[in-house]
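Notes follow once the structure below has been shown.
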Amino acid sequence: MTHTATLDPSRLGEVRTDWTLDEVRALFALPFSDLMFHAQRVHREHFDPNEVQISTLLSIKTGACPEDCAYCSQSIRFDTGLQSEPLMQVEDVLEKARLAKENGATRFCMGAAYRSPKKKQLAQIIEMIKGVRALGMETCATLGMLTEEQARELKAAGLDYYNHNLDTSETHYSKIITTRTYQDRLETLAAVRAAGINVCCGGILGMGESELDRAQLLHTLATLPEHPQSVPINQLMQVPGTPLHGAPKVDPLEFVRVIAVARLLMPRAHVRLSAGRSEMSEETQALCFLAGANSIFYGEKLLTTDNPDETADRKLFERLGIKPEPAPAAEPEGTSCERIAAVS
Ligand code: SAM
Ligand code: DTB
Ligand code: SF4
């Protein structure tokens, strides 16, 4: 409780990128009820508290990844028993997207187990993005590291969001992944932002990190040049065969605190209650929504691990009076400058 002196509650709700680490730690040190009160108040200033954005995930290329992320079922370095699959055909992906749309998803996220995509792979993924957009859904992709040029190509194809997580604090990161650096991650995020694609960036809890690591991760996210538009908070899905299998479980109330602090630091971001819901009680999930989480992955599979089944989620939404957030109005063809030029 040593940091509370640095907090000015009257400033909570302002969109700021100049947060200090002390302020973030002061938020973590608040009594639970005070933290929840502020988070819910700020949430209501920016969002309908009873709406949750629905995304569906599809693994478009599975396994055999050269990276060594200690949490991941898809790294080639760990024997997780996962069956590798090559990059899917465009039509097969579009079929899954149609199904997701019928089930109420407004955003379709395509994940590929790459360190970074090659030219031919990117060309095929671009066709997927165009096809999903033509269905009237928002598109998201997570393909590993990107150059500025690749990010521009994805933007030109109509990609709405790029997911690229920082996962944890910079200091803890090197204990989790050795095949790339935090700086690599920040550079891809800068390329995505520069291309004008919305950034989806968050982390994973339950990798043996301390509360300081969690505060540092959120501090890094909240002091990027612009807040990520989407902030996924994952709870580690423990996969047998990975080095993090058997790591200490996250205290559910600590998980809720992280959601609340993310909501306060990045008031306009969609905070996604991401992987890990299948291991959480419905009461914990309800507290996460109260703390300001307003996006989920819907559908029985995440990439390779389980998610709650759709019937259970529908019932939970009903019990909580939550409605799916409507899809944003589709952007007309062309850039805004081109459209202005066309009418003048
Ligand atoms: N290969 C790309 C990359 O790492 O950026 C994209 C796919 S990767 C699976 C996407 C994200 O999923 C990772 O950054 C990580 O945050 C999350 N993730 C992977 N395995 C997870 C697990 N077992 N539990 C929770 N989150 C996980
Ligand atoms: C994110 O932050 N979580 C999603 C998405 N971005 C790509 C991935 C969760 C993966 C969970 C483990 C698995 O299913 O393999
Ligand atoms: Fe590869 Fe991504 Fe898994 Fe890391 S998280 S091993 S980069 S698929």
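Residue by residue, here is whether (1) away from ligand 2 (no atom under 13 Å from the Cβ); (2) in contact with a strand residue (DSSP E or B) (Cβ under 9 Å, 6 or more places away or on another chain) holds:
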| site | (1), (2) |
| --- | --- |
| Ile197 | yes, yes |
| Cys200 | no, yes |
| Ile204 | no, yes |
| Leu217 | no, yes |
| Ser230 | no, yes |
| Gln238 | no, no |
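Name the residues in segment 70-117 that are farther than 26 Å from Gly208 by Cα and in contact with an Asp or Glu (Cβ under 8 Å, 6 or more places away or on another chain), would you?
Once the filter is applied, which keeps residues that are farther than 26 Å from Gly208 by Cα and in contact with an Asp or Glu (Cβ under 8 Å, 6 or more places away or on another chain), segment 70-117 yields Val90, Asn103, Thr106, Arg107, Phe108.
Inspect all residues belonging to segment 89-112 and state whether any of them is surrounded by 13 or more Cβ atoms within 10 Å (Cβ to Cβ), at pLDDT 95 or above, farther than 13 Å from Leu57 by Cβ and among the β-branched types (Val, Ile, Thr).
yes
Test Thr171 against the stated conditions and say whether it is among the polar types (S, T, N, Q), more than 16 Å from ligand 1 (Cβ to nearest atom) and farther than 18 Å from Leu303 by Cα.
For Thr171, the condition - among the polar types (S, T, N, Q), more than 16 Å from ligand 1 (Cβ to nearest atom) and farther than 18 Å from Leu303 by Cα - is met.
The rows are residues; the columns are (1) within 11 Å of ligand 1 (Cβ to nearest atom); (2) without any contact (Cβ under 8 Å) to a residue 60 or more places away in the chain.
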{"position": "Ser55", "(1), (2)": "no, no"}
{"position": "Ile60", "(1), (2)": "yes, no"}
{"position": "Ala70", "(1), (2)": "yes, no"}
{"position": "Arg77", "(1), (2)": "no, yes"}
{"position": "Gln83", "(1), (2)": "no, yes"}
{"position": "Gln89", "(1), (2)": "no, yes"}
{"position": "Ala100", "(1), (2)": "no, no"}
{"position": "Ala105", "(1), (2)": "no, no"}
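Please pick out the residue among Ser84, Ser55, Ser73 that is closer than 22 Å to Ala260 by Cβ, among the hydroxyl-bearing types (Ser, Thr, Tyr) and within 24 Å of the chain's Cα centre (by Cα).
Of the residues listed, the single one that is closer than 22 Å to Ala260 by Cβ, among the hydroxyl-bearing types (Ser, Thr, Tyr) and within 24 Å of the chain's Cα centre (by Cα) is Ser55.
Results for (1) over 20 Å from Ser169 (Cα atoms); (2) in contact (Cβ under 8 Å) with a residue 24 or more places away in the chain; (3) of a type in the set (S, T, N, Q), shown as yes or no for each residue.
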| site | (1), (2), (3) |
| --- | --- |
| His227 | no, yes, no |
| Ile233 | no, yes, no |
| Val250 | no, yes, no |
| Ala260 | no, yes, no |
| Pro267 | yes, yes, no |
| Val271 | no, yes, no |
| Ser274 | no, yes, yes |
| Gly292 | yes, yes, no |
| Glu310 | yes, yes, no |
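Is it the case that Leu27 is touching a Leu at 6+ places or on another chain (Cβ under 8 Å) and in a helix (DSSP H, G or I)?
Numbers: touching a Leu at 6+ places or on another chain (Cβ under 8 Å): yes; in a helix (DSSP H, G or I): yes.
So Leu27 fits the description; yes.
Does any residue of segment 214-225 turn out to be more than 19 Å from Phe28 (Cα to Cα) and within 13 Å of ligand 1 (Cβ to nearest atom)? Before the answer, list the steps.
Residues of segment 214-225 more than 19 Å from Phe28 (Cα to Cα): 224-225.
Subsequent filtering for residues that are within 13 Å of ligand 1 (Cβ to nearest atom) retains none.
Within segment 214-225, none of the residues are more than 19 Å from Phe28 (Cα to Cα) and within 13 Å of ligand 1 (Cβ to nearest atom).
Among the residues of segment 136-172, how many are within 15 Å of ligand 3 (Cβ to nearest atom) and either closer than 17 Å to Thr223 by Cα or surrounded by fewer than 16 Cβ atoms within 10 Å (Cβ to Cβ) (or both)?
Summing the residues that are within 15 Å of ligand 3 (Cβ to nearest atom) and either closer than 17 Å to Thr223 by Cα or surrounded by fewer than 16 Cβ atoms within 10 Å (Cβ to Cβ) (or both) in segment 136-172 gives 5.
Out of segment 44-58, which residues are crowded, with 19+ Cβ neighbours inside 10 Å and either out of contact with any helix residue (DSSP H, G or I) (no Cβ under 6 Å at 6 or more places or on another chain) or part of a helix (DSSP H, G or I) (or both)?
Our first condition is that a residue be crowded, with 19+ Cβ neighbours inside 10 Å; within segment 44-58, this holds for 47, 52-58.
Within segment 44-58, Phe47, Val52, Gln53, Ile54, Ser55, Leu57 meet the criteria.
It is to be established whether one or more residues within segment 292-303 are basic (Lys, Arg) and within 16 Å of ligand 3 (Cβ to nearest atom).
yes
How many residues does segment 258-307 contain that are away from ligand 2 (no atom under 16 Å from the Cβ), touching an Asp or Glu at 6+ places or on another chain (Cβ under 9 Å) and in a helix (DSSP H, G or I)?
Residues that pass the stated criteria total 1.
Evaluate segment 68-83: report whether one residue or more is buried (at least 16 other Cβ atoms within 10 Å of the Cβ) and more than 16 Å from ligand 3 (Cβ to nearest atom).
No: segment 68-83 contains no residue that is buried (at least 16 other Cβ atoms within 10 Å of the Cβ) and more than 16 Å from ligand 3 (Cβ to nearest atom).
Quick check on my filter: what residues within segment 188-206 are in a helix (DSSP H, G or I) and away from ligand 1 (no atom under 13 Å from the Cβ)?
Ala190, Ala191, Arg193, Ala194
Arg16: part of a helix (DSSP H, G or I) and away from ligand 1 (no atom under 16 Å from the Cβ), yes or no?
For Arg16, the condition - part of a helix (DSSP H, G or I) and away from ligand 1 (no atom under 16 Å from the Cβ) - is not met.
Within segment 234-256, does at least one residue satisfy the condition of being crowded, with 17+ Cβ neighbours inside 10 Å, in a helix (DSSP H, G or I) and hydrophobic (A, V, I, L, M, F, W, C)?
The answer is yes; a qualifying residue exists.
I'd like the full set of residues that are away from ligand 3 (no atom under 13 Å from the Cβ) and under 19 Å from the mean Cα position of the chain (by Cα), limited to segment 173-182.
Within segment 173-182, just Tyr182 meets the criteria.
The values are calculated or read from the model by the stated rules, or taken from the named source; none is laboratory data. Model, not experiment: these values are computed from the prediction. Because the Cβ atoms are built from the backbone with ideal geometry, glycine has one as well, and the counts that use them run over all protein chains shown.
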